[in-house]
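Reviewing the structure listed below.
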Amino acid sequence: MTEERTTAKPVITRLSPAKINLFLHITGKRADGYHNLQTVFRLLDWGDYLHFSLVEDAVFSTIDKSLDADKLCHQLLTLSGADTITSSINDNLIFKAARALLAFVIQADRLPKQLARIQITLDKYLPMGAGLGGGSSNAATTLLTLNEIWQLDINQNELIEIGTSIGADVPIFIFGQDAIAMGIGEELTAIDLPEQQYLVLTPNAHVNTAKLFAHPQLQRDIAPLSIETIKNYSNDYVQYLNTPYRNVFTSVVTSLAPAVDEALRYLQRLESQALSTARMTGSGSAVFLPLDASIDTDKAILAKWIKDAPCAGYMVGSL
C-alpha cells in the first residue's frame with residue numbers, strides 16, 4: 001500500500017492589533033478640510049487575525065504592462081471572512097491596501113516580473129466603528145505582509161505614505177509601536193510607556209465619523225502640546241487623565257449614543273478601585289479603564305467587572 005502524501009500550503013498568520021487613544025485632541029482645521037490631531041496611541045495584544053496563504057504552484061507574471069493596479073490586484077488576491085464588512089470587495093480596506101501597494105510599485109517602476117497569488121482570510125474579532133482601529137490595522141497588516149511575501153523592499157516611510165492614502169489610523173500600525181501622533185495621525189514619534197492592562201467595553205453603537213467632526217459642540221482648538229511635554233508628563237494620561245488631557249469626542253459621542261454613555265458611566269464607577277480614569281478611545285464607541293498593577297492578578301474581581309458590564313467586555317494588555 002502506497003502512502004499518499006499531501007503538502008500543506010504555506011500560511012503566514014499575523015495579529016492585526018487594536019489601538020487605543022490615551023487622549024485625543026483636535027488642534028485646528030487644515031486648509032484641505034482635515035483636522036490636525038494630537039494623541040498618544042497604544043497598541044494592544046488583542047485584535048483580528050489575518051492569514052496569508054500562498055496558492056500552491058501559482059505565480060502570476062506581471063510582464064503585461066496593460067494591467068493596472070486594480071486588475072492586477074483582482075488577479076493576485078482572493079479574500080474571505082470579510083463578506084459582511086463591505087458590499088463590494090473593492091471597498092474593503094484589505095483590498096484597498098493591496099491595490100495601493102501595487103499602484104505604488106507600478107508608479108515607481110519597481111514591479112517584479114512575477115508575483116505569487118495569495119489567499120487572505122480574515123478572522124474578525126474587533127467591532128467596526130469602535131475607535132479601536134480594526135479596519136486600519138487590517139490594511140496595515142496587509143501592506144506589511146504582502147511587502148514581505150512579494151519581496152517588494154518598500155521601506156517603512158514609504159509604507160506609511162501608502163497607508164496615509166488609505167486612512168489616518170493606518171500609519172500607527174505600520175509604525176508598530178506606541179507613539180505620539182500629530183498631523184492627521186501620520187506624524188509619529190515613538191514613546192516608551194509602562195506595560196498596562198485595560199478593561200475594554202464595546203457597546204453596540206455607531207456614530208458616523210463625519211457627523212462627529214461636523215458637530216457644533218466639538219472642540220477643535222485645543223492648544224498643541226510639545227513632544228517633550230507629552231513625553232515627560234505621561235503620568236497625566238497613562239493611568240489618570242488629568243488636565244489638559246482629554247478626548248474631545250467624548251461629550252459629543254455620549255450625547256448621541258446612550259449605550260456609550262452607559263458603558264462609560266459603568267467604568268467610572270470602578271475608577272476608585274482601578275485607581276485610574278475611564279475614557280473613550282478614538283471617535284468610536286469603545287471605552288476603557290486602565291488597571292493599576294496591584295489588581296492585575298485578582299482574577300475574581302476582573303471576572304465580576306466583565307460579568308456586570310452593560311455590554312461585551314475584554315481584559316487586554318499593551319502590546
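Descriptive notes on the structure:
- Adding -39500 (n - 2.57) for every DSSP H run of four residues or longer, then dividing by how many residues the chain holds, sets the calculated 222 nm ellipticity at -9000 deg cm²/dmol.
- Computed from the Cα positions only, the extents of the chain along the three principal axes stand at 65, 62, 36 Å, in decreasing order.
- Computed log₁₀ I(q)/I(0) - Debye formula, equal Cα scatterers, no solvent, the range 171-295, q 0.09, 0.21 Å⁻¹: -0.27, -1.45
- Between the helical axis of 134-149 and the longest alpha-carbon principal axis of the chain there is an angle of about 40 degrees.
- Quotient of C-alpha Rg and 2.2 N^0.38 Å, computed over the range 68-139: 1.18
- Against the main long axis of the alpha-carbon atoms of the chain, helix 156-166 sits at an angle near 80°.
- Within a straight-line Cα-Cα reach of under 21 Å, Lys299 can be paired with the following lysines, leaving aside sequence neighbours fewer than 8 residues apart in one chain: Lys307.
- Counted by Cβ distance under 15 Å from Tyr49, the other residues give a net charge of -1, where Lys and Arg count +1 and Asp and Glu count -1.
- Summary: within the chain, the longest segment free of GluC sites (Glu not before Pro) located in DSSP loops with at most 15 other C-beta atoms within 10 Å is 5-194.
- Loop-located trypsin sites (Lys or Arg not before Pro) in the range 235-274 (DSSP state not H, G, I, E or B) with no more than 14 neighbouring Cβ atoms inside 10 Å: Arg269.
- Once both labels are positioned 7 Å from their Cα atoms along Cα-to-Cβ, the gap between Lys29 and Arg110 label points is 3.7 nm.
- Within the same chain, lysines fewer than 8 places from Lys304 are excluded, and of the rest, none has a Cα less than 22 Å from its Cα.
- In terms of packing, defined here as the mean over residues of other Cβ atoms within 10 angstrom, the peptides 94-102, 216-224 line up highest first as 94-102, 216-224.
- For the range 60-108, a/c is not less than 1.5, where a ≥ b ≥ c are the root eigenvalues of the C-alpha gyration tensor, and a/b tops b/c. That puts it in the prolate class.
- Positive-end ranking of Leu159, Gln38, Thr142 along the dipole of the chain, with charges on Cβ about the Cα centre, is headed by Gln38.
- The smallest convex shape that holds all Cα atoms of the range 129-213, its convex hull, gives 128 Å³ per residue.
- Building the convex hull from the alpha-carbon atoms of the range 7-158 and averaging its projection over directions returns 10.9 nm².
- Assigned charges on the beta-carbon of Lys, Arg, Asp, Glu; the chain dipole about Cα centre (debye): 600
- Inter-site label distance for Asp221 and Asn204 at 7 Å from Cα along Cβ, in nm: 4.1
Only the coordinates and a few stated rules stand behind these numbers; no lab work does. This one's a predicted model, so the numbers in the text were calculated from it and none came from an experiment. For neighbour counting, all protein chains shown are included, and Cβ atoms are generated from backbone atoms with ideal geometry for every residue, glycine included.
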